[in-house]
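Visitor: Sharing a structure, written as structure tokens. Questions coming.
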Amino acid sequence: MSTSPATIVAGEGVAAAPRGRRPRPPRHFSKQSRFAPLWLLSPAGIVILALIVAPIVFLVYTSFTDYDRRTLFTGEYNGVGLQQYIDIFTDSQFWHSTILTLLFTAAMVGGSLVIGIGVSHLMTKLGTAMRYVVTIVLIFAWGMPNVASAQVWGWLFQPGYGVINWMITQLRVFGDQTDLSWWNSTPLALINIWMLVVWQAVPFIALTTYAAQTQVDGSLIEAARIDGAGEWRIYFSVILNSLKPTILLITVLSIIWDFNVFNQIWLTTQGGPDNGTATLGIWSYLVAFNQFKVGSGAAIAVVTTVMLMIISGFYIRSLLRSGEDL
Amino acid sequence: MRTSRIVAVGAAGIAAALALSACSSGGNGNNNAGGDNTSKAGTIEAPDGAGKTLTVWSMTGDLSDDTIAAINKKFEADTGAKVKVETQQWKDIATKITTALATDTPPDVIDIGNTQVSTFAASGGLADLTAYKDAFAQGQTWLGGLADPAMVDGKLYAVPSFGATRTVIYNKKTWEAAGVTAAPTSYDELKAALDKVKAKNPASDFSAFYLPGQYWYAGMQWIWDAGGDIATQQDGKWVAGFSSSEAQAGLTEWKTFQNTYSSKASQTLNTDKPDQDQVFADGKAGAIIGNNWEIGAITKANPDIKTEDLGTFAMPGSSGKTQPVMLAGSDWGIAVKGQQQDLARYWVKIAASPDIQKNNVVSDGWIPNSTEAGQAALDGGTLTEQQTAFFQAAQNSKATPASGNWASLEDPGMKQFFQSIASGAKSPADAAKAWDDTVNSTLNQ
């Protein structure tokens, strides 16, 4: 992340050249104009300070204390230095949750990108009427609050009464799966949550990518075709290449969203069975708000944030670089 | 008639309290309240509450609207204050109450499940009511399962509201069709009866005895019946007991019973999704373990099932006695940060009064908060056939560990522990070993 400003400077030589030469309007440093930006920014700034910066500062501070349920009422707590962090790193649940979170995030991001981009390509091949239908369906899936969709998911997959279990049984391939409990085994629970998350992530990716895909220069495709390239070759070398900046942006956003997926997991499995689906977010909630070890939960949240910053920092760097290349 | 009794009780209470002592602030320094002859029993008289509003958190499914209205009516008449009742849902309730109590404007009076009182008491969110104990008791002896969890280190933090137990509720018509005409009185008789019901109803989604795997309140009955317990206190430390041979025997028997008589789907479910009363009302179950109010829920869900079609009996245990039941129920707590302590105390006093308990609480179908009121109900002959079983089951009751750290183990911990055994995901021994570690480290932190 620290290298990204350097990247911008390096890229500026090419991309920002015309802009740099533009004559600047004369500046009048009157008192009013110097403070005007501050005044204009202050409402948003105050809100950000109060609702984002202050809680984060408090969170980091709390992670160095033994803040617990009692503290909520008495206000008493003690500084414990790095003890919370030492406890976390020596807890096997931390490593389990970390690996689970990383792999599960990769699976969700990968799945939603492949399906989303696939749907986008499909939409370019559809007739107008059908394309509208697909768009509307996608928007409905997207517009559903994830708390509601998790609830519906619970009904769809319910052992004994769930429609999906009934349909799987009707396939007559897997035998009678009517009573299958998706949330009683870790692999099935993860597959189930994966489907729920990916299902709601696909619309945004599909619509965004489709918008970008309609802007791909048709002459490039035509040229490739004249040169004898096949449809697959055209798609991977020309279209996907043009979509690269969009896909990178979507990837970064997806990583941030999927890394922090909470509702869909909590409302279906509560992190179970046996913490099998307890990602870092779920585990930190369980520690902070179920056991009310707020200090410990805060430390987990801080570690999670740092990890997310490192991962997304890498992507943001590539994103900035590719943005400059355009 | 009722008014005169209230006046009499009120007058007697006030007189007794006046005779005993002057007011006490009930502060933290008052360690020996009620312990010696200088005890500072507080009085609770109707304060002037004109223009004030008392906020009461009531749990959904607890006291009926009529009962709450009866309490409010007397409260408003005596004090002139208004009452705002906010009905809360059970989901994540421990988190919800903790956060509410920690704010500067908490609800004044809170309806708390009896197993969770110690949590909030231990953390300092509830007002110390020790000095007012006699004034709240109003001459009655509270049920131990309600009062014990409300006492932490000898101090009272909540006042019993009502009790409840679970018995077997069965469909008489289904059982008669299978050739069972009398309620079983032993565990073997019960199993023989269920075998007949099961043979008569072979459908895979039919449960002779619907017993969801996550329903740990019911599962604990088998452990207690076998002589096991959740945890016991030894030398000031909690020792979890699921690995004991008694608990293992109970868990194994429970698993066999569950797997034999309840549908496969139910192994990983709780009583709420799908609602077990709905399952029963749909004719998919011959029997369930349920609370008294579930009789009403069943007849409401399927009006073809009449109340007289339903039978109840205390669950027999393989020990030869009835299975010990969890004494469920609620207590009224007063938020320590509440600004209207005197009004809150007066409201709780009315809610705990013999008049409300003997009339409204009993007609709600709950077990009243004192042995006197419970006995009066049994003696009065006004209980229905079904209610009697609940009052009898309450004779052999248990509670969860009175530890401030207990509540966080209930959800999702206990549910997932029982589910993993019922589904066969883990053996009772393996599941108990891991869960005992968690219980020990949580209770003793």
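Visitor: Heavy-atom accessible surface, probe 1.4 Å, ligands and DNA/RNA ignored: which residues of segment B:243-265 lose at least 40 Å² versus the isolated chain?
Guide: Those are B:ALA265, which lose 40 Å² or more relative to the chain on its own.
Visitor: B:ASP437 to B:THR105: extension gain in nm, 0.36 nm per residue of separation minus the Cα-Cα distance?
Guide: Working it through step by step, the gained length comes to 115.7 nm.
Visitor: If you don't mind, there's one more thing I want to ask. With a sphere of radius 13 Å drawn around the Cβ of B:ASN396, what net charge do the other residues whose Cβ falls strictly inside it have (Lys, Arg +1; Asp, Glu -1)?
Guide: Residues close to B:ASN396 contribute a combined charge of +2.
Visitor: Using 0.36 nm times the number of residues separating A:PHE262 and A:ILE86, minus their current alpha carbon distance, what extension gain do you get? Show your work: numbers first, answer last.
Guide: Values: separation 176, 0.36 × 176 = 63.36 nm, distance 2.50 nm.
Full-extension gain reported as 60.9 nm.
Visitor: Follow-up. Kindly provide the helix-only [θ] at 222 nm of chain B, computed as the sum of -39,500 (n - 2.57) over DSSP H runs of four or more divided by all residues, to the nearest 500 deg cm²/dmol? Working shown, then result.
Guide: On the way: 17 runs with 175 residues, N = 445.
Here the helix-only value at 222 nm equals -11500 deg cm²/dmol.
Visitor: Now a separate question. For the protein assembly as shown, give the magnitude of the charge dipole about the Cα centre (Cβ charges: +1 Lys/Arg, -1 Asp/Glu; no others), in debye to the nearest 20. Present the calculation step by step, with values, prior to reporting the outcome.
Guide: Working: 53 positive and 63 negative charges, 523 e Å.
Charge dipole of the protein assembly as shown: 2520 debye, to the nearest 20.
Visitor: Tell me, what is the FRET efficiency for A:TYR77 and A:THR128 to the nearest 0.05, using R0 = 60 angstrom and their Cβ-Cβ distance as r?
Guide: It comes out at approximately 0.45.
Visitor: Are there residues in segment A:57-79 whose accessible area shrinks by at least 30 Å² when all protein chains are included rather than the chain by itself, and which are they (probe 1.4 Å, ligands and nucleic acids not counted)?
Guide: Residues shielded by partner chains are A:ARG69, A:ARG70, A:LEU72, A:PHE73.
Visitor: Return, for the Cα atoms of segment A:112-280, the radius of gyration and Dmax in Å, separated by a comma.
Guide: 19.4, 59
Visitor: In whole angstrom, note down how far apart the Cα centers of segment B:147-179 and segment A:224-284 are.
Guide: Taking the Cα centre of segment A:224-284 as reference, the centre of segment B:147-179 is 50 Å away.
Visitor: At R0 = 60 Å, how high is the FRET efficiency between B:SER319 and A:VAL163 if r is their beta carbon distance? Nearest 0.05 is fine. Intermediate values should be presented prior to the final figure.
Guide: On the way: r = 43 Å, r/R0 = 0.72.
The calculated FRET efficiency here is 0.90.
Visitor: For chain A, what does -39500 (n - 2.57) per DSSP helix run (n ≥ 4), summed and divided by total residues, give at 222 nm, in deg cm²/dmol to the nearest 500?
Guide: My calculation for chain A gives -22000 deg cm²/dmol from helical runs alone.
Visitor: Another one. Mean Kyte-Doolittle of at least 0.5 plus a Cα span of 18 Å or more along the axis: flag which DSSP H helices in chain B meet both, please.
Guide: Going by DSSP H runs, the hits are B:2-20.
Visitor: Under a plain spin-label model, where a point goes 7 Å from the Cα along Cα-to-Cβ, how far apart in nm are A:TRP95 and A:ASP227?
Guide: 5.0
Visitor: OK, next. Taking chain A as a Gaussian network, where each spring joins two C-alpha atoms under 10 Å apart, which residue of A:LEU122, A:LEU253, A:LEU113 fluctuates the most?
Guide: Largest GNM mean-square fluctuation: A:LEU122.
Visitor: What helices does chain A hold that run 18 Å or longer along their axis, going by alpha-carbon atoms, with a Kyte-Doolittle average of 1.0 or more, using DSSP H for the helix calls?
Guide: Passing helices, by number: A:92-124, A:128-143, A:186-213, A:240-259, A:294-325.
Visitor: Okay, moving on. Which order do A:VAL109, A:VAL80 take when ranked by solvent-accessible area (1.4 Å probe, heavy atoms of all protein chains), largest first?
Guide: A:VAL80, A:VAL109
Visitor: Sticking with this structure for a sec: Per residue, how much accessible surface does segment A:112-280 expose to a 1.4 Å probe? Answer in Å², no decimals.
Guide: Roughly 50 Å² per residue, with all protein chains present.
Visitor: In nm, to one decimal, how far is the A:THR305 label point from the A:LEU220 one, both placed 7 Å along Cα→Cβ?
Guide: Calculated label separation equals 3.9 nm.
Visitor: Same structure again: How far, in nm, would the chain grow between B:GLU76 and B:GLN445 when pulled straight, counting 0.36 nm per residue and subtracting the alpha carbon separation?
Guide: Between B:GLU76 and B:GLN445, full extension yields an extra 128.4 nm.
Visitor: Could you name the aspartates and glutamates whose alpha carbon sits less than 18 Å from that of B:LYS84, not counting residues in the same chain fewer than 8 places away?
Guide: B:ASP48, B:ASP62, B:ASP65, B:ASP66, B:GLU76, B:ASP104, B:ASP108, B:ASP111, B:ASP342
Visitor: A follow-up question, please. FRET efficiency for B:GLU385 and B:LYS52, Cβ-Cβ distance as r, R0 = 51 Å, nearest 0.05?
Guide: Taking R0 as 51 Å, the efficiency between B:GLU385 and B:LYS52 is 0.65.
Visitor: What distance in nm separates the simple spin-label points at B:THR307 and A:ILE115, each placed 7 Å from Cα in the Cβ direction?
Guide: Placing both labels 7 Å along Cα→Cβ, they lie 5.1 nm apart.
Visitor: What does the charge count around B:LEU251 come to, taking other residues whose C-beta lies under 13 Å from its C-beta (Lys +1, Arg +1, Asp -1, Glu -1)?
Guide: Within the 13 Å Cβ shell, the charges total -3.
Visitor: Let me make sure I get this right: for chain A, a, b and c are the square roots of the gyration tensor eigenvalues over alpha carbons, sorted descending. Under 1.5 in a/c it's rounded, otherwise prolate if a/b > b/c, else oblate. Which is it?
Guide: oblate
The values are calculated or read from the model by the stated rules, or taken from the named source; none is laboratory data. Quick caveat, the model's predicted, so the values are computed rather than measured. All Cβ positions, glycine included, derive from the backbone under ideal geometry; neighbour counts span all protein chains shown. The area values use the complete protein model at the heavy-atom level, side chains included, leaving out ligands, DNA and RNA. Shrake-Rupley method; radii C 1.70, N 1.55, O 1.52, S 1.80 Å.
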